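The values are calculated or read from the model by the stated rules, or taken from the named source; none is laboratory data. Predicted model only: the values in this text are computed from it and were never measured. No Cβ is skipped: glycine too gets one built from the backbone with ideal geometry, and neighbour counts run over all protein chains shown. Surface accessibility is based on the protein's heavy atoms, side chains included, excluding ligands, DNA and RNA. Shrake-Rupley method; radii C 1.70, N 1.55, O 1.52, S 1.80 Å.
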Amino acid sequence: MGDTSGMSQITPTGPNAAGVRWDLAPICADAEAARALLDDAIARADAFDARHRGRVAELDAAGLAAALAELASISNALHRVGSYVSLRRSVDVNDDEARDLETVVDQGLVRAQNALRFFDLEWIDLDDAVAEPLMAAPEVAADRHHLRSSRRFRPHVLPDDQERMLAERDPLLSAWQNLFAQTVANIRAPFDDGTGAAERTVDELLSYLHTPDRPVRLAALEALYAALEPHADVLSTCYDSIVADRLVQDRLRGYATPLDPRHLSNELEPAWVDAMMAAIEDRYGMAQRWFRHKAELMGLERLHLADQYAPLGAGRAMPYAEAVGIVEDSFGRFSDEILNVSRAVFEDRRVDAEPRPGKRGGAFCSSVAQDAQPFILLNHTDTLRDLMTVAHELGHGMHFALASAAQSALSMHAPLALCEVPSTFAELLVFDRMLKEEPDPATRTALVRQELESGFATVFRQTMMVRYEQDAYGARQGGQALTADRLSGFWIDRNAGYYGDSVELPEGYRRGWSYIPHFINTRFYTYAYAFAHLASLTLYALYREDGDAFVGPYLEFLRTGGAASPGEQLGAFGIDLADPATWARGLDEMERMVDLAVEG
Ligand SMILES: [Zn+2]
C-alpha cells in the first residue's frame with residue numbers, strides 16, 4: 001500500500017510555501033536553447049511538408065507509421081518550447097526575455113501548424129477503402145485510435161478551397177473574442193473591502209464571495225453587477241456575432257444541432273449527454289436542500305446568492321509541507337505507483353507553490369510534452385482549499401506522467417470529458433482520508449461543505465449553463481438577435497430552475513452571463529466538467545466496493561490517455577454511458593455528502 005511516512009524531505013516548513021520554486025532547466029536550458037529547438041522543429045515541419053504534401057494517399061502502413069513518428073517528434077519539440085515559455089511567463093509577468101521569446105514562439109507555432117495541417121486533412125479525405133486497411137496494420141497500432149477518431153469529422157469537412165476560405169476568415173471570429181476578453185479584462189469597479197477603496201477587476205470582485213465577511217460579500221456582488229451593466233450591450237453583441245457565425249458554419253458543415261460539433265469532438269453520443277443532463281436536472285433539489293440548510297446555519301430567512309460559497313468556519317491552517325504530506329499519504333494508500341509519480345514531482349523541483357508578486361494566480365498542471373515530465377503551478381496560502389488543490393493538480397500530473405510513458409505524443413492526451421477525472425479522483429482520495437483521520441471536527445465539517453459546494457458548482461451550475469446556451473442558440477436559429485435583455489431573460493429562467501426559491505437572486509444577477517468566457521471561446525464546453533465529476537464519483541464508489549482489485553484497472557485507465565474513447569475507457573470499469581441509470585450512481589454519492597453535511 002505504499003510508504004505512509006508522508007513528508008517528502010525536500011518540502012519546506014515555512015508559511016505559504018516560501019521558497020518552493022520550480023526548475024525549468026530539464027525542459028529547456030535557457031531561452032537560447034528554446035529558440036534553437038524551435039528553429040529545428042520548424043525546419044523539420046517544412047521538410048515534412050515538402051516530403052508528404054499531396055502524397056498521404058500513397059503511404060503504405062510502414063510509411064504512415066514513419067510519418068506519425070516524425071509528427072510526434074516535431075509535436076514534442078513544439079510543445080516543449082511552448083510550455084517552457086508559458087511556464088516562465090506564468091511565474092513572472094515582467095520577464096522581458098520570456099516575453100520576447102513568446103513572440104517568436106507564437107509565430108513559430110503558427111508557421112509549423114500551417115506547414116503540418118495538410119496531413120490531417122489529407123488523412124481525413126482518404127476513402128474508407130484505403131484508410132481501413134491502413135488503420136488495421138500492426139505498424140500503426142499505437143496510434144490507431146488517434147487515426148480513427150480524427151476521421152470522425154470526415155462527413156463535416158468541406159472541399160479544400162472552401163476550408164481555406166473559412167480558415168482565412170478565422171481572424172474575424174478572433175476579433176470578437178478579443179473584444180470580449182479585452183472588455184472584461186478592463187472592467188474596474190471602485191470597491192472598499194475594509195482595507196480602503198481601490199479599483200478592482202471582475203476576478204477580484206468574485207474572489208470576495210469566499211470571504212467570511214457577509215457585508216463585504218454582498219457589496220462586492222453589487223459592485224460587480226454595477227460594473228458589468230454599462231458593458232452589457234458590447235458583450236452581448238460579441239456573443240451574438242459569434243453565435244451567428246457558428247450557426248452558419250454548422251449549416252455549411254451539415255451539423256444537425258449546435259451541440260453536435262462539441263459531442264463529436266468529445267467522442268460522446270448526443271443521447272448519452274442528454275440523459276446525463278436530464279438526470280442532473282432531476283436532482284437540483286439536493287442543492288436546494290443544502291442551500292436551505294446553509295441559510296439556517298447562518299441564521300438567515302433565505303440564502304442570498306452572495307452566500308453561496310461563503311465559508312462557515314474555516315477549518316485549521318494547512319501549511320504546505322503538511323498538505324503535501326497528507327496528499328502523499330493518501331496516494332500511498334491507493335498505490336505505490338502514483339505515490340512515486342507524486343514524489344518525483346517534488347524531488348525534481350517541478351512545482352512552483354510560493355505566491356509572490358508578478359506570478360499569475362490559481363493553479364494548473366502542464367503536461368509539457370510526451371518526452372518530458374509534468375510541471376505544477378500552485379499559489380499555496382495554507383488553506384484547506386489549497387490542500388485539495390495540491391491533490392487536484394497532482395491528479396492531473398499522474399495522468400500525464402503515466403499516459404506519456406505509455407503513449408505517443410499523438411495519443412497521450414485524454415479526451416476532454418475525461419481530463420478532470422484523475423484530478424477529481426485524487427481529491428476524493430484525500431477527502432476520504434481526511435474524513436476518517438483528521439482529528440479536528442471543525443476541519444472535517446469545513447471540508448465536507450467545501451467539497452459539496454464545489455460539486456454543486458461543477459455538476460449543477462455547469463449543466464445549467466449548457467441549458468442557457470441552448471436557449472441562446474435556439475433563439476438565434478429562430479431569427480431572434482441575442483440582445484442583452486434577451487440573454488438576461490434566458491439566464492434568469494435557467495438559474496431560477498436550479499436555485500428554485502432556496503436562494504435569493506439579486507436584480508443585478510440578470511447580467512451574470514455576461515463575463516463568462518466559455519460561452520465565447522468554446523461553446524457547450526461546461527458539460528464536460530459535470531461528466532468528469534460524476535464519472536469520478538462513480539469510479540470512487542467502485543473503488544470503495546472493490547478495494548485493491550480496482551487499483552490495477554485504474555492505473556491502466558491513467559496509462560490509456562487518449563488511446564481510447566470515453567465510452568471505451570469507462571466501459572472497462574463496467575460503466576455503460578448508453579444506460580441513463582449510469583448517472584444515478586455519481587448523483588447518489590453527492591446526495592450522501594448532502595446527508596453528511598445536513599445531518600452531520
Ligand atoms: Zn483540473
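Here are the numbers for this structure:
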read-out: Alpha-carbon centroid distance for the pair the range 537-594 / the range 90-156, whole angstrom; value: 30
read-out: Net charge of neighbours whose Cβ lies under 13 Å from the Cβ of Leu447, counting Lys and Arg as +1 and Asp and Glu as -1; value: -2
read-out: Two-site label geometry, Gln249 and Gln107: point separation in nm, points 7 Å out along Cα→Cβ; value: 2.6
read-out: Local net charge near Ala484, Cβ-Cβ under 12 Å (Lys/Arg +1, Asp/Glu -1); value: -1
read-out: Environment charge at Met318 (Cβ cut-off 12 Å; Lys +1, Arg +1, Asp -1, Glu -1); value: -3
read-out: Selected from Phe48, Phe519, Leu447, residue furthest toward positive end of dipole (the chain; charges at beta carbon); value: Phe519
read-out: Residue among Ile280, Ile242, Pro212 farthest towards the positive dipole end of the range 171-297, charges placed on Cβ; value: Ile280
read-out: Surface accessible to a 1.4 Å probe, per residue, for the residues of the chain, Å²; value: 41
read-out: Spin-label pair Arg356/Asn186, simplified geometry with 7 Å Cα→Cβ offset, distance in nm; value: 3.3
read-out: Spin-label model distance (nm) - Arg117 vs Asp432, 7 Å beyond Cα toward Cβ; value: 4.6
read-out: In sequence order, calculated HN-Hα J values of the range 529-534 (Karplus, 6.51, -1.76, 1.60; Hz; x Gly/Pro); value: 5, 4, 4, 5, 5, 5
read-out: Cβ charges +1 (Lys, Arg) and -1 (Asp, Glu), total dipole of the range 362-446, debye; value: 120
read-out: Solvent accessible area, Å² - Ser90, 1.4 Å probe, full protein context; value: 10
read-out: About the Cα centre, charge dipole magnitude for the range 400-457 (Lys/Arg +1, Asp/Glu -1 at Cβ), debye; value: 100
read-out: Net charge dipole size for the range 53-209 [Lys, Arg +1 and Asp, Glu -1 on Cβ; Debye, nearest 20]; value: 180
read-out: Heavy atoms of Asp128 accessible to a 1.4 Å probe, total area in Å² rounded to 10; value: 80
read-out: Beta bridges by DSSP in the chain, antiparallel share as percent, to the nearest 5; value: 65
read-out: Accessible area of His145 in the full protein assembly, 1.4 Å probe (Å², nearest 10); value: 30
read-out: The range 178-236: trypsin sites (Lys or Arg not before Pro) in DSSP coil with no more than 16 other Cβ atoms inside 10 Å; value: Arg188
read-out: Estimated [θ] at 222 nm from DSSP helical runs (n ≥ 4, -39500 (n - 2.57)) normalised by residues in the chain, nearest 500; value: -20500 deg cm²/dmol
read-out: Computed E for Leu297/Thr257 - FRET, C-beta separation, R0 60 angstrom, nearest 0.05; value: 0.90
read-out: Accessible surface, 1.4 Å probe, highest first, among residues Asp382, Asp127; value: Asp127, Asp382
read-out: Protein-only accessible surface order, largest first, of Glu504, Glu267 at 1.4 Å; value: Glu504, Glu267
read-out: Residue order for Arg262, Arg251 - accessible surface, 1.4 angstrom probe, largest first; value: Arg251, Arg262
read-out: For the chain: relative contact order, % (alpha-carbon pairs under 8 angstrom, 6 or more apart); value: 22
read-out: Other-chain or far-sequence residues with amide H under 5 Å of His304's (modelled H); value: Glu504
